[in-house]
Structure formats: C-alpha cells, structure tokens
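Take a look at the structure set out below.
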C-alpha cells in the first residue's frame, strides 16, 4: 500500500464495465513528511475520499478483488482504502 | 492504473497465441498535466481509443483481466478514455495561506 495525496477527480465516459459507477481519482504518492515522491497514478475510491486528503492506496489487484467481490476477472489494480488522520515519524 | 497519451498504432502480423485480433497502440505514460513519465510502451486497447486520446491503463496481471479470454500474454491494457481531470495547476497556491497546493 502507498501513502498518497488525492490530486483530483477524473472522468471517463468510455471505460471497461468493471469501472462503471466507481469514482476515479488521480493520486500522488507522498513520503513520510508529506512531500511528493514518484509519479502520480489513477485509483478508484472506496472510502469517499476528497481532494487534498492524505489516503492509503492499495496498489495490487488481488486485494482489490477481495474488497469488490466481483469475481476473479476484475482489471482494477489500485484503490483508495483509507483516509489518513495523521502520521507520526520518529525524529 | 496510470494515465497515458496514445501516440500511434502498432501493426504486428506474427503475434503470440492469444493476441490475434487484438489492437495494439503505442502509449506515452503521462502525469495529470500531460507531462511524459517514463518510456513509451505498447498496450492492448479495449475501448477503441485513437491517436491523441488521453487514456488510462492498467498494468501487470490485471491488464490481461481486461481482455476476453483473459489468459493472454499482456501487461498493459487501455481500459478507459479520459474526458477530464480536475487537477490544480502545477503552480497553484492556497489563496488563504499562500502555500503551494
């Protein structure tokens, strides 16, 4: 799982049927200090996240399939699964 | 999943079993501002995307799951055509605090 910042929502009319009705967001991975690190990517939302929220993103398909319970043939790889309240980092 | 811009079409007469009849496109992965990220790659198209379209792709094993039948040698599949992204501009600042957004 990755700690990310929600950059913004994204719309797509033409998409694979597995994505129907699922909110899509662009998310930006952040480090333990909240600084951007690495390239942004796309994730579906499972926890009603909002723009600017710091979130936990699952980046592996099997966990997503377990949550969605739509069978074994679901082409979705990343999903927002938690909203981070705060992060404690040892000095 | 990640964003990409379709750069062109790939034509391959001889392909691995399972790839027959699949449309292959050349895609440049990009960020939310359409800036290139990494190298151009080949991806199977499932949504009739065309050259210049901003699309989103799924990689690794889940790419094959976007196809029917799904047990095919594919590691990148275009699964949606993006209509819009509501992302703040690269130099956007918070109007109250002046901090970068």
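The values are calculated or read from the model by the stated rules, or taken from the named source; none is laboratory data. If you're wondering where the values come from, they're calculated on a predicted model, not measured in any experiment. Virtual Cβ from ideal backbone geometry, glycine too; neighbours counted across all protein chains shown.
Which ranges mark the strands (runs of 3 or more DSSP E) fully within chain B that have 1 or more residues being without any contact (Cβ under 8 Å) to a residue 12 or more places away in the chain and on the phi > 0 side of the Ramachandran plot?
Working: elements: B:2-10, B:24-30, B:41-45, B:54-59, B:76-81.
In chain B, no matching strands (runs of 3 or more DSSP E) lie anywhere.
Using the structure shown, decide if residue A:55 is part of a strand (DSSP E or B) and under 18 Å from residue B:32 (Cβ atoms). Quick ask: steps written out before the conclusion?
Values: part of a strand (DSSP E or B): yes; under 18 Å from residue B:32 (Cβ atoms): yes.
Yes: the conditions hold for residue A:55.
Out of all the residues in the stretch B:64-74, is one or more farther than 21 Å from residue A:11 by Cα, surrounded by 15 or more Cβ atoms within 10 Å (Cβ to Cβ), touching a helix residue (DSSP H, G or I) at 6+ places or on another chain (Cβ under 8 Å) and facing chain A (nearest Cβ under 7 Å)?
Filtering the stretch B:64-74 down to residues farther than 21 Å from residue A:11 by Cα leaves B:64-65, B:67-74.
The next check asks that each one be surrounded by 15 or more Cβ atoms within 10 Å (Cβ to Cβ); those that pass are B:64-65, B:67, B:70, B:72, B:74.
From what's left, touching a helix residue (DSSP H, G or I) at 6+ places or on another chain (Cβ under 8 Å): B:65, B:70, B:72, B:74.
Within this subset, residues satisfying the condition of being facing chain A (nearest Cβ under 7 Å) are B:65, B:70.
Within the stretch B:64-74, one or more residues are farther than 21 Å from residue A:11 by Cα, surrounded by 15 or more Cβ atoms within 10 Å (Cβ to Cβ), touching a helix residue (DSSP H, G or I) at 6+ places or on another chain (Cβ under 8 Å) and facing chain A (nearest Cβ under 7 Å).
More than 8 Å from chain B (Cβ to nearest Cβ), surrounded by fewer than 21 Cβ atoms within 10 Å (Cβ to Cβ), more than 19 Å from residue B:2 (Cα to Cα) and at pLDDT below 90, is that true of residue A:35?
Yes: the conditions hold for residue A:35.
Would you say residue B:95 is surrounded by 19 or more Cβ atoms within 10 Å (Cβ to Cβ) and either more than 16 Å from residue A:76 (Cα to Cα) or modelled with pLDDT of 90 or more (or both)?
On the way: surrounded by 19 or more Cβ atoms within 10 Å (Cβ to Cβ): no; either more than 16 Å from residue A:76 (Cα to Cα) or modelled with pLDDT of 90 or more (or both): yes.
Against the criterion (surrounded by 19 or more Cβ atoms within 10 Å (Cβ to Cβ) and either more than 16 Å from residue A:76 (Cα to Cα) or modelled with pLDDT of 90 or more (or both)), residue B:95 does not qualify.
Consider residue A:47 carefully, then state whether it is part of a loop (DSSP other than H, G, I, E, B), surrounded by fewer than 16 Cβ atoms within 10 Å (Cβ to Cβ) and more than 9 Å from chain B (Cβ to nearest Cβ).
Criteria met by residue A:47.
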